[in-house]
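The values are calculated or read from the model by the stated rules, or taken from the named source; none is laboratory data. In this text, all values refer to a predicted model and were calculated from it rather than measured experimentally. Using ideal geometry, Cβ is built from the backbone for each residue, glycine included, and neighbour counts are taken over all protein chains shown.
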Amino acid sequence: MKKNFVLFFSIALLTACSEDDNNATDPVVGKWFIAEVNNVPGSDFTLSECNTNSFMTFNADGTTNSVFSSEVEGNCLAGASTNSEWKQQASIYTFTIPIPELEDFSPLSGTIQFNADTFTFTPLISSGTTIVFKKG
């Protein structure tokens, strides 16, 4: 009886551990709104209230969906939906940010610092630039 209990307990423990390892989800997965943009190289871009409606959805399968909103003749309009891919290797994330002023640099690779319901992305090519996203 003791042998059966030990065997059952060992199998349950191993199964539980392997499932937890396989189900780990990257904290970037989800819908994020662009909340702040600082120091875009070669640009005087400033984030407007309308631009803060822009978002990115990071999917667990490594795909993204994003929409950039901007003012056109006084109206805040959402642009076309854009699909792309994202990846994370070690502590470096790579993805395309839906800001027209950053299109020449896309996809961007950089670091992400998570803080409660926000994350700050700092591109490797411009350590003075930061883009803050807020969980949606």
Condition first: closer than 14 Å to residue 97 by Cα and not in a loop (DSSP other than H, G, I, E, B). Now tell me which residues in region 40-64 satisfy that. 51, 52, 53, 55, 56, 57, 58, 63, 64
Is one or more of the residues making up region 59-78 surrounded by 15 or more Cβ atoms within 10 Å (Cβ to Cβ), closer than 24 Å to residue 128 by Cα, aromatic (Phe, Trp, Tyr) and in contact with a Lys or Arg (Cβ under 9 Å, 6 or more places away or on another chain)? no
Just name the residue that is nearest to residue 121 (Cα to Cα) out of those in region 42-58 that are touching a strand residue (DSSP E or B) at 6+ places or on another chain (Cβ under 9 Å) and loosely packed, with under 14 Cβ neighbours inside 10 Å. 46
Condition broken by residue 101, with the remaining ones in (1) more than 14 Å from the chain's Cα centre (by Cα); (2) among the acidic types (Asp, Glu); (3) exposed (fewer than 14 other Cβ atoms within 10 Å of the Cβ) satisfied: (3)
I'd like the residue in region 68-124 that is charged (D, E, K, R) and in a loop (DSSP other than H, G, I, E, B) and, out of all such residues, is nearest to residue 38 (Cα to Cα). 117
For region 110-136, give me each residue that is without any contact (Cβ under 8 Å) to a residue 40 or more places away in the chain and buried (at least 16 other Cβ atoms within 10 Å of the Cβ). 110, 120, 121, 122, 123
Residue pairs within 6 Å by beta carbon, gap of at least six or interchain, first lying in region 76-101 and at pLDDT 95 or above, second of a type in the set (Lys, Arg), listed first then second, are 94/87
Taking the residues in region 1-26 that are under 22 Å from residue 85 (Cβ atoms) and surrounded by fewer than 12 Cβ atoms within 10 Å (Cβ to Cβ) as candidates, determine which candidate is modelled with the highest pLDDT. 25
